[in-house]
Each structure stands twice: as structure tokens, then as C-alpha cells.
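K.L.:
Could you have a look at this structure, given as C-alpha cells, before my questions?
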Amino acid sequence: MEVNGKLEYLKSEYLRQKTMMEENITSQKSFLQSESNYKTTMAQYNGLRKQLTLLNISPAQVENGNMSSVATIYAPISGSITKVDVTRGTYVSPATSIMEIIDNDHIHLELSVFEKDIMKLKKGQEINFKVPESSNKVYKAEVHLIGTSIEENRTIKVHAHLENEKEAHFLPGMFVEAEIITELSEANAVPETAVVEIENTYSLLKLNEETNEGYYFDSVSVKVGNTNGGNIALTSMEGLTIEDKILTKGTFNLIGGE
């Protein structure tokens, strides 16, 4: 209010000196002095208006004499207050954290990926994850951002968006186990329980004959590849066809007992 009051007088004086200068009635020094005083005060006036605006106080109301002893602080987001770091009467600086507000409307997934695997990642890759402490249900997500710097523990942050945020009640801070699908390939596969490893040799049992007395199986050696979702890929199908019936449970007991 004080600066606003000065501004009216300085503006009038500046315009008067400007008119007199044009008519060569006053000196250039007096004109420049009045111009400097007016522009300096104008800059101060605009700066104070911005400060009031940041405090959510109307500069126009203050100019009209409506003073306020309370400044309202508006949160930048809506959500739930999960932590309060100050108490009534506490002095706070611009760097002081007052409270923590969490908006659960849009949950993100943040993963830590080891440095050796980072070259396999790219935006848009599919992610399967689960919350082991809650259930074994698998949820879907997609890689959205990949960090640009390595953390101290030699990992890099990967930011992902969930496919369907509403299908489960996720909360910030939950620990998840995730796998990022970096490559897709088709392969013939069988359940992991169908394959038995004995002395670095992988075998399974193929149904040879089914009679009233029981089932007869042949042991077939196979070469295996990657595993995924409880299945194991067969890289060699020698001695097998797609139509063959395979024993999927109890294989180890039969082969190990030979």
C-alpha cells in the first residue's frame, strides 16, 4: 500500500518532468531522476504484487485497504495427507517439507534393473508383475521411461504405467516382483514338471501304449531352452511330434527309479 501510494505521485512527477523536458523548461538531470524514481518504484510495485499472488492474497484487495493476517497455502495436488512434518507455530523456510500428500488416482510402477540388463530395455516393452506379500496374481504394465543414470548400487530406475490400475487396490510403497519381456520368440514347450535332469541330460516320458493293464512310456532325451510361466522350451524335438502324449507329473519318480 505504501509503494502504491508513492507510485501515483512519482508517475505524476515523471509525466510533468517529461512535458517540461519537451518544452525545454527543466533540465535533463531532473527528468532522468524522476524517470528513474518512477521506474524503480514500478518494478518494486510489480514485484510485491507477484509475492502477494504467490501467497494467494489479492493485490487489488490490499490496495483497497483489506489487509489479511492469514495466508492460505494450496497443495499442488489433491490426495491424502500421509505425513505431517511440522507443528503449529513452527518456523519453516522455503526448503522445509511441511507435509506429504499422496494421490492414489494414478499409480506408477518403479523398478530397479541391474546394469548388465539395461541394454535390453526399451520403451513400450510389456511387464508382468505381482505383489508377493498379497497374492500370486500377475498384473500387466508397460515400460514408460528408462533412467539416464546409474544408481550407487549399479542399478537403473525404470518407470512403468499399469495396464489397469483399478483391478487391484495398490498402495504407494508396495514391494513388487516383476519381469520385463525384452524379446518374444515361438517355441515348442512342455510343463517344467515333465522334464527331468539327470547328470546334465534332460529326459521326458512319451506315451507308447495304453492298455487295460496300464500305460507304457518311452524315455526320450531332449534339449531344453528358457523357462517361462511354468513351461520349458524344447530346442530339440528329435523322437517327438506335436501329437505325442507326454507325462507331465511324476516323471522324476519313474525315470529315477529305472
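The values are calculated or read from the model by the stated rules, or taken from the named source; none is laboratory data. Remember, predicted model here, so these are calculated numbers, not experimental data. In this analysis, Cβ positions are derived from the backbone assuming ideal geometry, glycine residues included, and neighbour counts consider all displayed protein chains. Remember, those area values only see protein heavy atoms, side chains included, never the ligands or the DNA or RNA. Shrake-Rupley method; radii C 1.70, N 1.55, O 1.52, S 1.80 Å.
K.L.:
Hey, any hits in the range 223-231 for a residue that's within 14 Å of Thr248 (Cβ to Cβ) and over 42 Å from the mean Cα position of the chain (by Cα)?
P.N.:
No; the residues of the range 223-231 include none that is within 14 Å of Thr248 (Cβ to Cβ) and over 42 Å from the mean Cα position of the chain (by Cα).
K.L.:
Turning to a different aspect of this structure: Which one of Ile255, Ile181, Ile198, Ile242 is touching a residue at least 24 places away in the same chain (Cβ under 8 Å), in contact with a strand residue (DSSP E or B) (Cβ under 9 Å, 6 or more places away or on another chain), hydrophobic (A, V, I, L, M, F, W, C) and surrounded by fewer than 14 Cβ atoms within 10 Å (Cβ to Cβ)?
P.N.:
So the residue among Ile255, Ile181, Ile198, Ile242 that is touching a residue at least 24 places away in the same chain (Cβ under 8 Å), in contact with a strand residue (DSSP E or B) (Cβ under 9 Å, 6 or more places away or on another chain), hydrophobic (A, V, I, L, M, F, W, C) and surrounded by fewer than 14 Cβ atoms within 10 Å (Cβ to Cβ) is Ile181.
K.L.:
Further question on the same structure: Consider the range 109-128. How many of its residues are open to solvent by 80 Å² or more (accessible area, probe 1.4 Å) and either closer than 26 Å to Asp85 by Cα or part of a loop (DSSP other than H, G, I, E, B) (or both)?
P.N.:
Total satisfying the criteria: 3.
K.L.:
Output yes when any residue across the range 129-139 is in a strand (DSSP E or B), touching a residue at least 40 places away in the same chain (Cβ under 8 Å), surrounded by 14 or more Cβ atoms within 10 Å (Cβ to Cβ) and not small (Gly, Ala, Ser), and no when none is.
P.N.:
So far as the range 129-139 goes, yes, one or more of its residues are in a strand (DSSP E or B), touching a residue at least 40 places away in the same chain (Cβ under 8 Å), surrounded by 14 or more Cβ atoms within 10 Å (Cβ to Cβ) and not small (Gly, Ala, Ser).
K.L.:
Scan (1) in contact (Cβ under 8 Å) with a residue 40 or more places away in the chain; (2) more than 30 Å from Lys166 (Cα to Cα) for the single condition Ile107 breaks and write down its number.
P.N.:
(2)
K.L.:
Among Ile77, Ile101, which is within 30 Å of Glu165 (Cα to Cα), without any contact (Cβ under 8 Å) to a residue 40 or more places away in the chain and in a strand (DSSP E or B)?
P.N.:
Just one listed residue meets the conditions, Ile101.
K.L.:
Looking at Ile77, is it surrounded by 10 or more Cβ atoms within 10 Å (Cβ to Cβ), of a type in the set (A, V, I, L, M), in contact with an Asp or Glu (Cβ under 9 Å, 6 or more places away or on another chain) and under 30 Å from Val176 (Cα atoms)?
P.N.:
no
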